[in-house]
Structures are given as structure tokens and as C-alpha cells.
1. Of all the accessible heavy-atom surface of the chain, with the other protein chains kept in place and a 1.4 Å probe, what percent is carbon and sulfur?
2. If ligands, DNA and RNA are left out, what is the accessible area of W78 with a 1.4 Å probe, given in Å² to the nearest 10?
3. Separation between the H43 and V174 pseudo-spin-labels, each 7 Å from Cα along Cα→Cβ, expressed in nm?
4. If you look at just the Cα atoms of the range 52-189, how large are its Rg and its Dmax in Å?
5. Quote the accessible area belonging to S240 in square angstrom, nearest 10, computed with a 1.4 Å probe and with ligands, DNA and RNA left uncounted.
6. Report relative contact order for the chain in percent, whole number only (criteria: Cα-Cα under 8 Å, sequence separation at least 6).
7. Using only Cα atoms and rounding to the nearest 10 degrees, what angle (0 to 90) does helix 238-287 make with the longest principal axis of the chain?
8. Report the antiparallel proportion of the DSSP beta bridges in the chain as a percent, rounded to a multiple of 5.
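The values are calculated or read from the model by the stated rules, or taken from the named source; none is laboratory data. The structure displayed is predicted, hence computed values, not measured ones. Every residue, glycine as well, gets a Cβ built from its backbone with ideal geometry; the counts of neighbours run over all protein chains shown. Just the protein is used for accessible areas: all its heavy atoms, side chains included, with ligands, DNA and RNA removed. Shrake-Rupley method; radii C 1.70, N 1.55, O 1.52, S 1.80 Å.
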Amino acid sequence: MGLGRYQRNLFTSDIWSEMLGYKKQDLVKLYSDQYERWAELIHPEDIEETFSQLKSHIAGRTDKFESEYRIKTKSGEWKWMLAIGKAFERNEKGIATRVLGIQLDINTSKSLQYELTKQQEQLKALFTALPVGVVMISPSGEIVEANAISEDILGITADENKATELASKSWKIVDSNNQIMHVEDYPASIALATGKIVKNVEMGVHRPQGDLVWISTSAAPLGNNACDGVAVAFEDITSSKSAQNDIIRAKEIAEEATQAKSNFLANMSHEIRTPMNAIIGMSHLALQTDLTRKQRNYIAKAHRSAESLLGIINDILDFSKIEAHKLDIEWIEFRLEDVMENLANLVGLKAEEKSLEFHFDVEPAVPNALIGDPLRLCQILVNLGNNAVKFTPEGGEIVIRINVDAVTEREVKLHFCVEDSGIGMSLEQQANLFKSFNQADSSTTRQYGGSGLGLTISKKLTEMMDGEIWAVSEIEKGSMFHFTAVLGVQMNAKENGKLSEAQLGPLKILVVDDNRTSQEVFKKMLGNLGFRVNIANSGPEAIEHLIKTDSTDPYELVIMDWKMPDMDGFETIDIIQNSGKIKYSPTFIMVTAHGIDEATYTGRKLDISAYLTKPVTASSMLDSIFVAMGKKSCLTDNHKSAS
């Protein structure tokens, strides 16, 4: 603060000089002690007002002199000052001859005031320009400020809005369910009462014009615990609310239509299944009687067509259950081998008719005693297996592989893969998989038949088993359909490997098959059962194996494939048993993918102990080995105790 006496000549204090960045003597030297010279330091925009006030006080027209102005410092910057003065000596005309005054440095407060004013102007501009309605409410619930958008949304002017209290009965507000909303439930009321932010509350406001406007409202407290009131922001959501209601209604209508369709499909499917089962049963019985060739052809075609139609009806029935959310998954104990044997019966015959190599490749780590829904698991495998048979040309190959993806103490996640050497699919065709009533393309249905529901049903079933399903395929290179399923694990269940090792010992077995996949599957399966296994690729190679080991470590069992090039399985067995070249003749099991009745008839003159049809499960393989080696199997008893 600078202190001085204002006379015609100016008294300058040390402090005031320092405030301007000068020493007193330097300031006096530059501007002397005349206040006219001192005026040279004042900003041109402020000088007129400042001297006008000073002259008025000197003339006696004001009680004191007070003025804010900018003054130039030694560095050339402008600094705000507040000058306050009062005359303490006047002449006979009342003109002040001596004035005592002070000057305060208010530069910092002026800068803060400028910034505050600037922020207030920015906030006001923002308040006006916001695309949502905003109102400010006092701690007592009075609306103290409202922007222009709030006028458009609420249908009342800002002044009318500000004249209204939060608890006013003029507000007619409903909640999102069209029920009357009480004032204590308003977002602003909650924010005032709790001091907490309330977000996105749907409210319906009845405007003075009579219509209902829907708003989404948020409220935020101002100050600690809303001591300065609350700010409320809201946007008009009437259009989106209306669209949402339209969507909800459309969804309800669609669900009602879907339910009606599902009920119709379920009823029709049941109505059709009864006569269809009769047709299948009667035609099956007719095929067991003596018929002419033409009659047998007609009835066989009718029987196959009826079975195909029944399959489509079953798919439609399952699909209708899925859409109606009435398809359930059981959680019961079962054996995986039973599922695979059922799969072999259902798909194996179709594979046999097309002369396809059909194999099961089950990893040793896969548990056999499981908990889940064996019927639905088999349904997925049958769907995928039938598709593989359908799209694989004659002479091709199908392999169903199973391994463990993850395991815990009580559950296992199994990974299934149905692999074929069929026609394959392009990426574009794969995009249509797993969609209702869709196949790879429209020509597929015409050429191969089917409803296009099998994969859709399989997808839903895998999801219900906490799994997923996907496909990998390439044109002319076949397809692989993968799916996973989470199943329970039965505790303390016995496995076949321990049974076979205990009853049969480490048998030495020769597998004779020209198919590489068959070799791998049989070697893995028999090795897991505890047997010593070697492979021969053909009949002549098998004979050579037996001759070499005849006197040292002869083979005890030969598992022989029927259809092999150059020398088939029956010819090979005939040479081994009747040529006299092999002293120790092993036991034989014949394996075929081409009809067990025909195989049995063809080998009727040879000493063959058992016959197996591909695909072979570990259980059926072990049963056949027990029969062939003249041992009593305890698999049946164990099967009963674990299932």
C-alpha cells in the first residue's frame, strides 16, 4: 500500500514507488512531483474517469475520492491500483488544498475477478447452448434457473418454470410404468435428500398442452450434501420410448405367433407319427416274408421313405420344442460306450450301404462312466454322422474322434469331431450352417434331401450342455464338425483296460488292414486294453509276420479286415489255416464294413471265432476277444453296475 499527500505538487512514498518497480528518487526524477506528470503513468482508457473523480472531490462535490485504474510499471506492464483519498484542508472557496490518500495493489484480485467473470460467461453460454433441459433447484426445492431447452421440453417458459416449486401440485409426473410418481421419488428430491448423484430415471411429464412427454432425468448435488441445491438435466426420449414400446409389442406378437406355430407343429408331428410308425412297422414285417423281387423292391423303397419322413418329423418336433423352450437336458448316469454302440447301429448301416470306412477314435483319457443326457448326446452325433454319410461319396471315410478338453474332479469337457472325406464346403456355404431350414445351398436339399434342421438342433443341444459347435471344411477335401459338451464323471467306475488285462493277460495280436485310419484306431484301442499289437498292411504281409514268429513268439490272435486289394481277409485266413506253412495257427476275428450276414456266410467253411462290424467300440472289441479266446467276460456285470 502506498501512502501520500495529494497537493498541487505530489508527495511520493517509498512503498508506492516500489509497487511500480522504481526507487523513489528515480520516479521523482522521471515524473517530478506534479500530478499532471504522474497522470502520464495512467492507462489512457482510465485517465479521464480517474481525474474526473479526483477533480470532483477537490471541488468539494464528493465526500471522498475513490478510483480503480491501471498504471504503468517500470517494466512496461499495466498494474491495477485502487486509489482512495480525502481532503483534510480546503481554502475559503472550499477547494481542497491538501488531500491524504492511499493506493492499493489490486492487480491479483482484478485478474481473479476477470477469470471468474470469464468462467461465468462460459458457463452461461454452455447453460444456454446445452441440447438438454437444465434447471437449478435451491436447497429448499425452488427452481431458480432454467435454460431455453427446458421450455421446449416441458412446455412452459423459463420464467414460469422458475416460479414453480419442486413440490408444486402443478407437476403431473408418472414413472416408467405409467404410475403416479410422488415428489419424494423425483431424482431432484433424492439428490437433495441424500447428497448423491441420481442417473437416467425415466419420467413422464404431462405438459400444460395436455400431451405426455417422456424424459430421462439425472440430478447432481451442488456443494457438500447438496447444501447449494441440485442441478437437474433431462432429455426428451418420447420418440425412443414410443419406438421401444412398438418393439416390445412386436416382440410379444412374434412370440405369440411362434408359440402358436410351435404348438401346431408339435400337434401335427404327433398326429403324423402314429400312422407313420404303423407304416414302418408293417413294411418291416412284410420284408420278412416271401416276396417277389418286384414286391420286395416296392416295399423296401416305401420303408426307407417312411423312415426318412419320420426323421424329418422328429426334427420338426424337436425344433418346435426348442422354440417353445420346452426342450430339457437330463442329468443321469450312462456309459459313453453305450452311446457309441447306439451310434454305430444308427449310422453304421447307412455307411455300410455306401461302402464307407467308418471308425471311432476315442482317446484313452476319455472316461467311459459319465453323467448327462445320453439320448441328446447321441442325437447330436447321429445328426453329424448322418450328414457325413450323406455328403461322402462311395468308398470314402468317416472318423468320429473324442478327446478330453478339460477335466475337474467331478466334470469333464469332451471334444467331439466328426471328420469325413466328402464333398466339403466353401466359406460362403459354411456361413449358412446352423441356421433353421438351411443347408449349404439350395441344390443340397434337392440332391441329398433333409429338412435343414439337424444342425440347428445340434447347436441348441450343445449350448444346453455348456458347449459349442463349429465346422472346418474345404471344397473336395471333406469336412470336420467339432462340438464340445460338459458332462459329469461317475466316481469309482471300473475301466475295460483293467478287466482285459486281468482276464486275458498281454495277448500278442496282429491287426491286418489296408486302411491307415483303421490301423491307427485298432492299435490305439488294443494297446489301451493292455495287449501287444503289430500291424500288417495286406494278406501276404500278414502271412509273412506269422511265419517269422511261428516258432519263437507266435501271435495268439489275428484281427483281419475282409475287403483288401489283391488278397482279401478270407483268402488270407484260408492260406494260413490250410497251407501247412504255419505250425501254430492263431485265433481269428473278422472285421467288416460291408454286412456281417454276408461275411458270416462267406467264411462259413473257415475257423473264424468272431465277427465285428465297423465302427468298432472298445467294448465290442473286448467282447469279441473274450468270445474268440473262449473266456467268460465280466463286462456285462460291470456294465450293469455302472449304469
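1. On the way: 17910 of 34470 Å².
Carbon with sulfur: 52 percent of the solvent-accessible area.
2. Surface accessible to solvent at W78 totals approximately 100 Å².
3. Modelled inter-label distance: 6.0 nm.
4. My reading of the Cα-based Rg and Dmax gives 26.8, 86 Å.
5. 70 Å²
6. Numbers: 1114 pairs, mean separation 44.3, N = 643.
It comes to 7 percent, rounded to a whole number.
7. 0 degrees
8. On the way: 81 of 105 bridges.
Bridges in the chain that DSSP calls antiparallel: roughly 75 percent.
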